[in-house]
1. Using a Förster radius of 51 Å, what is the FRET efficiency between SER12 and ALA201 based on their Cβ-Cβ separation? Nearest 0.05, please.
2. Could you give me the ³J(HN,Hα) list for segment 167-182, computed from phi with Karplus coefficients 6.51, -1.76, 1.60 and θ = phi - 60°, whole Hz, x at Gly and Pro?
3. Going by alpha carbons, how many degrees (0 to 90, nearest 10) lie between the helix axis of 289-299 and the longest principal axis of the chain?
4. Which of the three applies to segment 1-134, rounded, prolate or oblate, going by the alpha-carbon gyration tensor with a ≥ b ≥ c and a/c under 1.5 meaning rounded?
5. Take the alpha carbon gyration tensor of the chain, find the square roots of its eigenvalues, order them as a ≥ b ≥ c, and report rounded if a/c is under 1.5; if not, report prolate when a/b exceeds b/c, else oblate.
6. Could you size up the charge dipole of segment 110-254 around its Cα centre, putting +1 on the beta carbon of Lys and Arg and -1 on that of Asp and Glu, and report it in debye to the nearest 20?
7. Using a Cα distance threshold of under 17 Å, what count of lysine pairs results for the chain when pairs must be 8 or more residues apart or interchain?
8. For Cα pairs less than 8 Å apart in space and 6+ apart in sequence, what is the mean separation divided by the residue count of the chain, i.e. the relative contact order in percent?
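Every read-out reported here was derived from the displayed coordinates using simple, explicitly stated rules and does not represent laboratory data. Since this is a predicted model, take the numbers as computed values, not measurements. Positions of Cβ are backbone-derived with ideal geometry, glycine not excepted, and every protein chain shown enters the neighbour counts.
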Amino acid sequence: MLTLSRDLRSKSFLSQSLQGKSVAMIFEKPSLRTRVTFDVGIHQLGGWPIMMGSSESRLGEREPIQDLARNLSCWVDAIVARVFKHEDLENLALFASVPVINGLSDDEHPCQVLADVLTLSEMWPGFAGKELVYIGDWNNVSRSLWQVCAVAGLKFRAICPEGYGPTKENVDWSSNPDDVKGADAIYTDVWASMGQEHELAARVETFRAYQVTDELMAKTGKSTLFMHCLPAHRGQEVTDSVIESENSVVFQQAANRLPVAKAILVTYMGVAEPLERASKRTIASRNTPNKKAAYHRERL
């Protein structure tokens, strides 16, 4: 996938690979990077993105998810969905007969972390001996980072306040905000994700000691990259001086969202050489009549 992403930086490479194909875009959450990169990527590959309206994008409200999935499968070749509930994404994938790409859910953000790993592969000759430290709230981004680091062979450690760290995952983590020594990259995210805005005031007090500052970066004891999935709340989880520093790669991460989006599209829409199929909880899912029938029997 990373090799294909690098190749797809050239607009001429596979430039018409999605010719005649359409992709439905369902966005329950606001989006800049995911929406624009998939929209631009589909166009650059010769396809046709269809942005669903606000009423159709609220899964399960206007009509049941299983009906929406079946209808879209009659007309489009893939679905990109950015949702709140991961369960809704899985149900969409269950009933769709076309690939469903996870543009973000409350559990995971796989498109982002592929771009993150691509960025690190451009900064370092290899991942052996390298460590990425995530500091902040244990959320969809940090969970996906932990997963992708395990696949890529990159050491991962999390630093989270008590009560905001991993609960089910077997993750190396601590609650000491100064425990960053030896980190080759420090990654952070907003303290209150979309849907948690009402908790922000309380979270600011809890997370204040976990702000990424120049002083915290210096505690690694080495030249350390700074990463953020964006949007950033400057002055909260990170200071201006860190995000604008020469060690910051946040805009390189953002730039890499486009070739990664294109690589995901051509892979799961059957254009690129097939890769080992990822699980439904990572990137995409295809469905079979037997799977749907079993689901119906269970519901009945």
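1. For SER12 and ALA201, the calculated efficiency is 0.50.
2. 10, 10, 7, 8, 10, 6, 8, 9, 9, 8, x, 8, 7, 10, 4, x
3. Once rounded, the angle reads 80 degrees.
4. Oblate is the answer for segment 1-134, as a/c is 1.5 or above yet b/c matches or exceeds a/b.
5. prolate
6. 360
7. 14
8. Once normalised by length, the contact order is 20 percent.
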